[in-house]
Amino acid sequence: MFWFAIGLSSAFPVHGGNRFQEAQRLGCRPEQLLDASASLVPFPPSRPLRRCLNRALTDCTLRDYPDRHHHHLREAIAHWHGVDPAMVLPGNGAAELFTWVARDAALQGVSGLPVPGFADYRRALLCWQGSLQTFPLPLSWSAEAPQPFPLRPDVDVLWITNPHNPTGQLWSRASLEPLLERYRLVICDEAFLPLVPDGERQSLVPIVGEHSNLVVIRSLTKLFAVAGLRLGYAIGTQERLQRWQQWRDPWPLNGFAIAAGTALMTDRSALERWMTRVQQWVTREGLWMHAQLSELSGIRPHPSAANFLLISSDASLVPLRERMAHRRVLLRDCRSFIELGEHWLRIGLQQRPGNRRIVAALRDLLS
Ligand SMILES: Cc1ncc(COP(=O)(O)O)c(C=O)c1O
């Protein structure tokens with residue numbers, strides 16, 4: 001299992017979404033578990049996605065080497081965002097691209113990481129012995145969306161997650177733009193942004209062309225629930241992305257991921273419909289979940305603009321997480337998030353029946 005050691009004395013899962021390992025540990029089948037520890041859209045795969053993957057089994061996708069320049073995929077992504085295809089680099093998940101952007105970051109100086117935050121940035125920086133400093137975000141925040149980014153750390157490189165994981169805060173573009181004058185490199189991870197109602201208005205993608213020190217990283221993992229495909233992309237200057245292309249494996253993306261990504265990003269109206277459906281689900285279920293959780297004793301739900309939310313308690317929530325797991329509901333252990341710990345859990349939104357199941361199990365265990 002993928003563990004992250006803190007102080008080498010204890011080990012916690014660094015990531016959610018360990019359904020297979022958890023099923024083995026709990027003695028059940030993976031499909032019996034409701035996995036709210038990873039934050040993926042809970043809809044079945046879209047029709048264009050299924051059609052394209054079926055086709056890929058019978059054409060040459062499996063047999064042939066993939067296009068190492070990802071020509072069609074880059075064009076489709078570039079067209080969707082209205083940028084030059086030379087400014088797009090598809091990756092084997094956003095995670096692969098963090099590795100390369102971290103190499104640039106390590107050369108620029110000290111990286112500033114807001115905490116609690118996504119642990120993979122640290123992993124990527126450590127690949128290149130990059131220096132980093134963490135900066136705590138206030139652990140109490142409003143429901144305002146968007147809201148101003150609260151930190152101005154004294155570092156060379158700033159890593160931003162918009163919306164922030166794990167808090168679900170949506171940062172306003174107006175508060176992020178001035179940061180581009182202040183830092184040698186700004187890395188903005190927008191992995192969850194297309195899921196956030198009205199979130200795209202806060203994206204930094206439209207200004208990448210004006211700022212050579214800005215890289216935006218996106219992921220298709222959450223939006224299309226395709227964590228197994230490994231599909232993300234970076235938007236940055238052509239010169240920077242060409243450099244990364246020279247550093248990486250010859251075929252970092254497999255043919256199925258390239259075919260799926262191209263199909264998903266090419267059909268503009270299908271993509272718009274999917275995003276609308278996803279954002280309506282986040283609005284509806286986010287409000288419902290927050291209201292339901294507010295009525296439970298012993299826990300506090302925190303506001304979120306995204307498809308996940310944090311709960312906290314004065315008591316340790318580790319036993320509650322374990323008892324939920326025995327009821328076959330997985331919640332995200334937050335002990336691996338610096339600044340959070342055992343008093344926090346993260347819940348990924350589901351469709352209504354799944355959300356009812358989470359609330360019912362929590363109500364039962366907390367009463
Ligand atoms: C904020 C954030 N960015 C990126 C990723 C990783 O995305 P991918 O699956 O494309 O590597 C995650 C995964 O949990 C995440 O939480």
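Volume of the convex hull of the range 215-268 (Cα atoms only), normalised per residue: 94 Å³. Estimated at the nearest 10 Å², the accessible area of Val205 is 10 Å² with a 1.4 Å probe.
If you stretched the chain out fully between Ser172 and Ala270, how much longer would it get, using 0.36 nm times the residue separation minus the C-alpha to C-alpha distance? Can you show the working numbers first?
Values: separation 98, 0.36 × 98 = 35.28 nm, distance 2.72 nm.
Gain on extension, Ser172 to Ala270, equals 32.6 nm.
Whose amide H sits under 5 Å from the amide H of Thr134, counting only residues 5 or more places off or on another chain, with H placed in the peptide plane? HN-HN under 5 Å from Thr134: Leu113.
Would you mind computing the Rg to Rh ratio of the range 293-367 from its alpha-carbon coordinates, Kirkwood style for Rh? Kindly include the intermediate steps, with their values, before the conclusion.
Values: Rg = 11.4 Å, Rh = 12.4 Å.
Computed over Cα atoms, the ratio is 0.92.
Could you give the accessible area per residue of the range 47-268, probe 1.4 Å, as a whole number in Å²? Could the numbers behind the result be given before it?
Values: 9270 Å² over 222 residues.
Roughly 42 Å² per residue, with all protein chains present.
Normalised by the number of residues in the range 47-268, the average gap of Cα pairs under 8 Å and 6 or more apart makes the relative contact order 29 percent.
One chain, two ends: Trp247 and Asp198. Fully extended at 0.36 nm per residue, the span grows by 14.0 nm beyond their Cα-Cα distance. Computed over the range 190-346, the alpha-carbon pair-distance distribution with 5 angstrom bins reads 1, 7, 12, 15, 16, 15, 13, 10, 6, 3, 0, each value a whole percent. A simple rule links phi to the HN-Hα coupling: the Karplus curve 6.51 cos²θ - 1.76 cosθ + 1.60 with θ = phi - 60°, which for the range 142-155 gives 8, 8, 4, 9, x, 10, x, 5, x, 10, 9, x, 8, 9 Hz, with x for Gly and Pro.
At full extension, Arg277 and Val318 could sit 11.4 nm farther apart than now, given 0.36 nm per residue minus the alpha carbon distance.
Would you mind telling me the share, in percent, of accessible area of the chain contributed by carbon and sulfur at probe 1.4 angstrom? Mind dumping the intermediate values first?
Working: 8290 of 16080 Å².
C and S fraction of accessible area: 52 percent.
Give me log10 I(q)/I(0) at q = 0.11, 0.12 Å⁻¹ for the chain, Debye formula, one equal scatterer per alpha-carbon, no solvent. With no solvent term, the Cα-only Debye profile gives -0.76, -0.92. Note that the range 172-275, at 4 °C in a medium of 1.567 mPa s, gets a Stokes-Einstein diffusion coefficient of 85 µm²/s from its Kirkwood radius over C-alpha pairs. The amide H of Thr161, built 1.01 Å from its N in the peptide plane, has Asp189 as neighbours under 5 Å, considering only residues 5 or more places off or on other chains.
Quick one: Cα centre-to-centre distance for the range 280-314 and the range 238-256, in angstrom? When both Cα centres are located, 39 Å separates them.
Once the cut-off is 21 Å, how many percent of the Cα-Cα pairs in the range 7-96 end up in the long-distance tail? Taking all Cα-Cα pairs of the range 7-96, the fraction more than 21 Å apart is 60 percent. Using the Cβ-Cβ distance between Cys127 and Glu295 with R0 = 51 Å, the FRET efficiency computed as 1/(1 + (r/R0)^6) comes to roughly 0.70.
The values are calculated or read from the model by the stated rules, or taken from the named source; none is laboratory data. Not measured: the values here are computed from a predicted model. Quick reminder, even Gly has a Cβ in these numbers, built from the backbone with ideal geometry, and neighbours come from all protein chains shown. When the accessible area is computed, the model is the full protein with side chains, heavy atoms only, and any ligands, DNA or RNA have been set aside. Shrake-Rupley method; radii C 1.70, N 1.55, O 1.52, S 1.80 Å.
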